[in-house]
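Report on the structure given below.
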Amino acid sequence: MKRSEKGITLVVLTITIIVLIILAGITIYSGKDSIKRANLEGLKTNMLLIETKAREFVENASFDLGINPENATDEMKAKAQSELSGEDKGTQVTVSDSIASKLTEIGISQEAMNNGNVYKLTTENLKKMGIHDVESNDEEGWYVIVYNVKDITAEIYHTIGFQGKYSLTEIEQIQL
């Protein structure tokens, strides 16, 4: 009697399903890792774009103060301040602003806020700076610039951050 070997056996079907489940698990795990890496790179890119524009502002302000900032006239100081502030450059943050406590939590000093060196950027500010398709608000997190005219630096912060890191300097150190 000849036996017909049509179809597949239950054992082969079970092995095939187990292999597919293992492959799906590996794919999902690597997919999550890829998404996490993409989010980190997106945040870094946005912060670097903002930093580039902010450095331009702080360099202009430093230039306006002259070679010896301690001897700068009131007119020079006003001109330097106008390089950092304005409708398209963000809103100056003071310690009395609603966002101030969050900024203190993420590492921005009250002294920097008191000195007028901290600016919160809105989505509209970013667009006026030439940075499009980047959101800066309560829901997506605020981008904040801390200027240091003396050292000619600008540190960029994001209020949501990534893995408990909020400044560009800290975020650049993250290895995934």
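Rule-based calculations on the coordinates, nothing more; no lab input. This is a predicted model, so every value here is computed, not measured.
If I stretch the segment between Ala24 and Asp151 completely, what's the gain in nm (0.36 nm per residue apart, minus their alpha carbon distance), one decimal?
Going from the current span to full extension adds 40.5 nm.
How high is the relative contact order of region 10-171, in percent, counting Cα pairs under 8 Å that sit 6 or more residues apart?
Answer for region 10-171 is 21 percent.
For Lys127, list the lysines whose Cα falls under 30 Å from its own Cα; do not include residues on the same chain fewer than 8 positions away.
Result set, ordered by chain and number: Lys36, Lys44, Lys53, Lys77, Lys79, Lys89, Lys102, Lys150, Lys165.
Stretch Glu105-Asn137 to full length: gain in nm at 0.36 nm per residue minus the Cα-Cα span?
The span from Glu105 to Asn137 would gain 9.8 nm if fully extended.
So what's the angle, to the nearest 10 degrees on a 0 to 90 scale, between helix 74-84 and the longest Cα principal axis of the chain?
That works out to roughly 10 degrees.
Taking all pairs of distinct Cα atoms, average 1/r, flip it, and tell me the Kirkwood hydrodynamic radius of the chain in Å to one decimal place.
With all distinct Cα pairs of the chain included, I get 19.2 Å.
Mean residue ellipticity at 222 nm from the helices of the chain, using -39,500 (n - 2.57) per DSSP H segment of n ≥ 4 over the full residue count, to the nearest 500 deg cm²/dmol?
Dividing the helical sum by the residues of the chain leaves -16500 deg cm²/dmol.
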